[in-house]
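This report concerns only the one structure given below.
The values are calculated or read from the model by the stated rules, or taken from the named source; none is laboratory data. Keep in mind that what you see is a predicted model, and the values were worked out from it rather than measured. Neighbour counts are summed over all protein chains in view; Cβ atoms, including those assigned to glycine, are modelled from backbone coordinates with ideal geometry.
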Amino acid sequence: MAICDIILLGQPVSGSYYDLSSFGAMEYISPLRANIGSTVGLFCAFFICFGFWHLKRVFEPVNPKLAMLLFISLCSVEFFGGAFHAAYYFISNTHNMSAQANFLYPSTVDNFKGHLEILSYLGVPGFLIGTILFFKLALNKRFPAWFRYANPLILCGVIMLIFMVLPAPIGGYLKPTFVNLGLASMFLLSLKTA
């Protein structure tokens, strides 16, 4: 999924150049990048749920019901993440068609920004619930003490802060990947505890 974010949003700028969701970079997405990145991103959003299934299996011995709720809440994040990535295709192609027709138009990103922000916000409750459940389940003595801090919120936050200070051109390519690299880090660290 991180590769999809680089294809979709990567620009040769610093990590702090665009806002948190890199909405500004969407105006520079070519139709080819939008086609490849959004299609592959949708498939990857589905496959990330297998990583959440692994977490469910890791935490099942502690509390099966909370482990299932962890799985459901984190999968809901990918549901909205997939919808968010699918929207990149339409924004890119609409923007490029309007630019070719030389119409006076408000930025296509501005027209869709509210919709994309809603999709982003709808993923936040599942992300926060998943983080709280991860922390609660990882408090069990069967896991090392450091594992409770390998939760989605902390890992995504640390990676985002690192990527935001990276200079151009590296920061502009890596910053859009912070959520997916945070989740990948969480999956890798959970393999050490399984």
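A few comments on the model shown:
- Of residues in region 157-194 being touching a residue at least 60 places away in the same chain (Cβ under 8 Å), of a type in the set (S, T, N, Q) and closer than 27 Å to PRO61 by Cα, the one surrounded by the fewest Cβ atoms within 10 Å (Cβ to Cβ): THR193
- Region 1-30 residues that are without any contact (Cβ under 8 Å) to a residue 40 or more places away in the chain and farther than 17 Å from MET160 by Cβ, paired with ones that are in a helix (DSSP H, G or I) and of a type outside the set (Asp, Glu) (beta carbon under 6 Å, 6 or more apart): ILE7/ARG33; ILE7/ILE36; ILE7/GLY37
- Subset of region 122-154 [among the aliphatic types (A, V, I, L, M) and either closer than 21 Å to PHE84 by Cα or surrounded by fewer than 20 Cβ atoms within 10 Å (Cβ to Cβ) (or both)]: LEU122, VAL124, LEU128, ILE129, ILE132, LEU139, ALA145, LEU153, ILE154
- Within region 64-85, the only residue that satisfies the criterion of being at pLDDT 95 or above, small (Gly, Ala, Ser) and more than 13 Å from PHE127 (Cβ to Cβ) is ALA67.
- Pairs, first free of Cβ contacts under 8 Å to residues at least 12 places away in the same chain in region 127-156, second surrounded by 15 or more Cβ atoms within 10 Å (Cβ to Cβ), C-beta under 6 Å, six or more apart: LEU139/ARG148
- When the criteria are applied in full, GLY15 meets the requirement of being touching a Leu at 6+ places or on another chain (Cβ under 7 Å) and farther than 24 Å from PHE134 by Cα.
- Helices (runs of 4 or more DSSP H) contained entirely in region 110-194, each with at least 2 residues that are polar (S, T, N, Q): 178-193
- Reported count of residues in region 6-43, each being out of contact with any helix residue (DSSP H, G or I) (no Cβ under 8 Å at 6 or more places or on another chain) and either part of a helix (DSSP H, G or I) or among the basic types (Lys, Arg) (or both), is 3.
- Top-ranked residue in region 1-54 [being of a type in the set (A, V, I, L, M) and over 16 Å from the mean Cα position of the chain (by Cα); ranked as surrounded by the fewest Cβ atoms within 10 Å (Cβ to Cβ)]: LEU32
- Qualifying residue in region 12-24 (condition: closer than 22 Å to TYR173 by Cα, of a type in the set (D, E, K, R) and modelled with pLDDT under 85): yes
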